[in-house]
Amino acid sequence: MTLRIGCVGYGTGGRHFHTPFIDAAEGCELTAIVARAEKTAAKARSDWPGIPVFPSLAALIGSNTCDAVTITTPPQTRRELVLEAIAGGLHVIADKPFAPSENAALELDRAADAAGIVLGVYQNRRFDSDLQTLAKVLEGGRLGEVWRIHSRMDFDDPASLEAGPTGGLLRDLGSHLVDQMIYLLGPVLSVDCQMDHLNLPQGRTDASFTMTLRHKGGAHSHINASKCNHLNLRELRAYGSNGSFTSRATDVQAQQIFAGERPALSPETWGYEPESNWPILRVGDDDETVPAEQGRYHDYYAAFARSVRDGTAPPVTAKQAARTIAVLDAARRSAEIGASVTL
């Protein structure tokens, strides 16, 4: 069974981080795109000749061209589109940030359950090369008892900061980084966060943050990110009772996409960090270079297709995404009151 997927929205997300990976995913086929503006629709037709482009989700639903859709429109539009897709009988993948609040996320989860629809959330950075490499090291147990993980994601990219009080970096990169730490270390018990703001024409906007998460299993994680400080650095560090793991990566899949490459055209070489960037594992007297795992955002879509086919949970469920939103809300509250917040 091949899952026919439509992409609703063709901005940066739809164009660069969804359609190429749907196209590359095993068991999936890109069969439709929704783009309202004619200029955007023309771009979609040029990028994907032969794929029908519809002016609305309603038109796509009426065309019977899809079994599922991915919603990658601006965050404030997603709730209604997710509900419309569910009502139309389509399985749904929603981009992050999934919903404005934990309760709103759970509302969508209940609607999908009631309709027998698979609803997933596109936390694609679980499939980053550096994170998959660290996950494999942790699974192998060579660090011993895991004490803490430090995760830093600084991009010199102020133009992509979503301005205004409903935007900001916490809900953008924070959605990814918190999800990654929950993926590696499990549920979060408490959050301590500090945020930095810019006063932009659209309103006061959080432009960088740092936070500490205490996890149920006893480990803690330390996350920080920025987009407006003229820095480009992705770093992961893990400390355990047997040693440490350090990684500095290049965000290789994004670099390849923006260079015009597609994973379906170069599956064997896609998503590999250069050897000069491979992580270092220190568990004895000598440093050990760890070969980087392949970064494969398309594995998210392949896993989603299997969940529809087999009736199993998608790779990131709405309930899991709701917990990430709860952590982000607690982080904002922590920054406001200047104290830790317990979930």
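Here is how the numbers come out for the structure above:
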| read-out | value |
| --- | --- |
| Options 101, 316, 188, ranked by Cα towards positive dipole end of the chain, top entry (Cβ charges) | 101 |
| Prolate/oblate/rounded label for region 110-205 (Cα gyration tensor, a/c 1.5) | oblate |
| Overall form of region 169-285 per C-alpha gyration tensor (a/c, 1.5; a/b vs b/c) | oblate |
| Extension gain (nm, one decimal) between residue 58 and residue 336, 0.36 nm per residue minus Cα-Cα | 96.0 nm |
| Under 5 Å, built H, 5+ apart or other chain: amide partners of residue 242 | 144, 145 |
| Vicinal HN-Hα couplings computed from phi for region 94-101 (Karplus, 6.51 cos²θ - 1.76 cosθ + 1.60; Hz; Gly/Pro x) | 10, 5, 8, x, 5, 7, x, 7 |
| GluC sites (Glu not before Pro) restricted to DSSP loop in region 53-142 with at most 14 other C-beta within 10 Å | none |
| Nearest-20 debye value, region 50-204 charge dipole, Cβ charges on Lys, Arg, Asp, Glu | 120 debye |
| Rounded FRET efficiency, nearest 0.05, which uses the C-beta distance separating residue 229 from residue 258 and R0 of 22 Å | 0.60 |
| Accessible heavy-atom area order of 285, 310, 157, 251, highest first, probe of 1.4 Å | 285, 310, 157, 251 |
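The values are calculated or read from the model by the stated rules, or taken from the named source; none is laboratory data. Bear in mind that the values here come from a model prediction, so they are computed numbers and not experimental data. So basically every Cβ, Gly included, is an ideal-geometry build from the backbone, and we count neighbours across all protein chains shown. These area figures cover heavy atoms from the full protein model, side chains too; ligands, DNA and RNA do not enter into them. Shrake-Rupley method; radii C 1.70, N 1.55, O 1.52, S 1.80 Å.
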